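Notes to accompany the following structure.
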Amino acid sequence: MDQKRLAQICERGEKADQLLTEGRTRDALKAFTEIVKDLEKKGDYDSYLAAKVTLSLLRCYIKLGDFKKAYAVWNANLEESLQGIGIYSLESAQTTVPDMITYDMLCAFLHTLGDSEKAATASAVNQYLSRVCEHALDHGDRSIMRTALSNWKQHLRDIFGATVPGEYAKPLIRFEKMLGDIVKPQAIDFPKTSAWEKPRDFLEMSRLSNDKNSKPPRAKKHRAS
């Protein structure tokens with residue numbers, strides 16, 4: 001993709017992001033879907049753009065409460081679609097750190113909607129949100145930390161009900177102590193993603209493999225109808 005077309009795609013992505021920020025989620029989804037169709041038609045996208053637009057689709061579907069479609073994107077086949085490449089690209093860190101933080105938090109949420117056993121679901125949630133909190137602590141980002149802890153409390157309650165087994169609450173309690181404040185659970189929320197601007201030092205993946213061991217296994221079933 002030449003620089004002119006890259007700039008045009010990124011500009012379209014920024015405009016769609018603004019629609020999402022304004023609460024015009026369906027309009028944003030339409031704009032992102034049009035970007036996907038454009039990229040698929042011309043076939044000139046890279047792993048950064050695939051990750052970026054796929055993350056945007058996930059955000060829209062979850063915002064709309066369309067969890068069935070969110071799951072379809074999340075479990076898309078690497079060999080069959082742009083979204084499949086996008087998910088693999090996200091799991092291979094082919095985008096910015098803020099985008100990865102948002103993706104980890106979306107994954108934690110999606111796990112709570114699956115049909116996996118409670119222990120497996122809680123373990124996955126703990127792994128994703130521990131990673132988010134570690135990053136927030138390292139960078140002194142108390143806002144992200146508070147959002148992650150609030151979501152975390154809600155997720156564990158959704159999984160176990162009012163009484164969360166101590167072994168699964170331990171990492172949450174540890175990070176809340178490190179924050180030095182009690183976080184009251186709020187509505188589930190996710191941080192904004194970064195601007196649609198390809199990093200100058202971006203390194204395209206040289207090959208696509210099936211090694212996804214750096215992430216917890218994704219849920220394969222959903223309760224949404």
For the pair residue 63 and residue 127, how long in nm is the line joining their label points, each one 7 Å along Cα→Cβ? 2.9 nm
Per-residue Cβ neighbour rank within 10 angstrom, fewest leading, 106, 78, 129: 78, 106, 129
When the charge dipole of region 84-163 is computed with +1 on Lys and Arg Cβ and -1 on Asp and Glu Cβ about the Cα centre, the Cα farthest towards its positive end, among 159, 100, 84, belongs to 159
So what are the three principal axis dimensions of region 10-52 from its Cα atoms, in whole Å, longest to shortest? 30, 16, 15
Which GluC sites (Glu not before Pro) in region 64-109 sit in a loop by DSSP (not H, G, I, E or B) and have at most 14 other Cβ atoms within 10 Å of their own Cβ? 79, 80
How much length is gained on full extension from residue 7 to residue 197, taking 0.36 nm per residue of separation minus their Cα-Cα distance? 67.6 nm
Want the number for residue 186 to residue 75: 0.36 nm per residue separation, take away the alpha-carbon distance, what's left? 37.2 nm
Just report the Cα centroid separation between region 138-206 and region 47-101, whole Å. 19 Å
Give me 175, 202, 160 sorted ascending by neighbouring Cβ count inside 10 Å, so fewest comes first. 202, 160, 175
Dipole size in debye (nearest 20) for region 97-179 around its Cα centre, Lys and Arg Cβ +1, Asp and Glu Cβ -1? 320 debye
Using a simple charge model, +1 on the beta-carbon of Lys and Arg, -1 on the beta-carbon of Asp and Glu, nothing else, what dipole does region 3-91 show about its Cα centre, in debye to the nearest 20? 300 debye
Dipole moment magnitude, nearest 20 debye, the chain about Cα centre, only Lys, Arg, Asp, Glu C-beta charged: 580 debye
In Å³ and rounded to a whole number, note down the convex hull volume per residue for the Cα atoms of the chain. 129 Å³
DSSP H segments from the chain that extend 24 Å or more along their own axis, Cα-based, with Kyte-Doolittle mean of 0.5 or above: 47-64
Arranged by the count of other C-beta atoms within 10 angstrom, fewest first, what order do 12, 26 take? 26, 12
For residue 139 and residue 120 in one chain, what is 0.36 nm times their gap in residues minus the Cα-Cα distance, to one decimal in nm? 3.9 nm
What percentages, rounded to whole numbers, describe P(r) for region 3-91 computed over all alpha carbon pairs with 10 Å bin width beginning at zero? 18, 53, 28, 2
Any idea what diffusion coefficient region 97-179 gets from Stokes-Einstein, in µm²/s, Kirkwood Rh on alpha carbon pairs, 25 °C, 0.890 mPa s? 195 µm²/s
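Each reported figure results from applying straightforward, stated rules to the coordinates on display, with no laboratory input. Owing to the predicted nature of the structure, the values given are computational and were not obtained by experimental measurement. In this analysis, Cβ positions are derived from the backbone assuming ideal geometry, glycine residues included, and neighbour counts consider all displayed protein chains.
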